[in-house]
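Novice: Below: one structure in structure tokens.
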Amino acid sequence: KGHAKIPTFALASRGGFAPDGTSLHDYDAPEEAQGLGSDERSDIYSVGAVLFEMLTTRRPNPRGAAAPSASNPHVVPELDAVVLKSIAPNPASRFQSAAVFASELRTLATLVEVREAADDTDPGPPPPPKRGVGVIVAVAFLIAALAGLWWLARQ
């Protein structure tokens, strides 16, 4: 019907903390899992955690994670930087708004498309398939939908 439906991330939650202090909530921001409250930056962490898992097939460590390219060589360094900023353990180190996060992802998608177009003009052997653009576009859409829902909730 032209509307995005985003289920709550709490559906995937198991609840509480593991004995080592890590959150058992699959996509909760560290501050949210500790009951310290949440804001837009907590939602950015949740979206970044989903993106991290899409790129690496594992969840990020809430205390800090290695770059996605460490386990997926198809991830470009610029995407590493955006993902790591979105899942920073400290909310002040994350993107401060979903709009800025979405803008960074759109800029990155454009950059990757330009690089792919430049690679297409090279007569050498075809490069390996790049999956990063599709993931970036999907996450940008997800962030835009979350920002819209957040805005509607504030009204």
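Novice: Restricting attention to the range 91-107, report how many residues are more than 19 Å from residue 148 (Cβ to Cβ) and over 13 Å from the mean Cα position of the chain (by Cα).
Specialist: 4
Novice: Next question, about the same structure. Among (1) over 20 Å from residue 137 (Cβ atoms); (2) modelled with pLDDT under 90; (3) outside any loop (DSSP other than H, G, I, E, B), there is one condition residue 43 misses while meeting the rest; what is its number?
Specialist: The single condition residue 43 does not satisfy is (1).
Novice: Return the total of residues in the range 77-96 being open to solvent by 30 Å² or more (accessible area, probe 1.4 Å) and outside any helix (DSSP H, G or I).
Specialist: Here the count works out to 3.
Novice: Tally up the residues in the range 58-68 that are modelled with pLDDT under 90, in contact with a helix residue (DSSP H, G or I) (Cβ under 6 Å, 6 or more places away or on another chain) and surrounded by fewer than 20 Cβ atoms within 10 Å (Cβ to Cβ), please.
Specialist: So the answer is 1.
Novice: Looking at the range 24-45, which of its residues are more than 25 Å from residue 103 (Cβ to Cβ) and open to solvent by 60 Å² or more (accessible area, probe 1.4 Å)?
Specialist: Passing the criteria: 34, 35, 36.
Novice: Could you say which residue among 148, 124, 134 is outside any helix (DSSP H, G or I) and modelled with pLDDT under 80?
Specialist: 124
Novice: Hey, residue 73 hits all of (1) farther than 19 Å from residue 146 by Cα; (2) buried (at least 16 other Cβ atoms within 10 Å of the Cβ) but one; which does it fall short on?
Specialist: Condition not satisfied by residue 73: (2).
Novice: If I go through the range 67-90 residue by residue, how many of them are over 14 Å from the mean Cα position of the chain (by Cα) and within 27 Å of residue 37 (Cα to Cα)?
Specialist: The total comes to 1.
Novice: Take residue 48 and decide whether it is surrounded by fewer than 17 Cβ atoms within 10 Å (Cβ to Cβ) and among the small types (Gly, Ala, Ser).
Specialist: no
The values are calculated or read from the model by the stated rules, or taken from the named source; none is laboratory data. As the structure is a prediction and not an experimental result, all values here were calculated from the model. Note that we place each Cβ from the backbone using ideal geometry, even for glycine, and neighbour counts take in every protein chain shown. Just the protein is used for accessible areas: all its heavy atoms, side chains included, with ligands, DNA and RNA removed. Shrake-Rupley method; radii C 1.70, N 1.55, O 1.52, S 1.80 Å.
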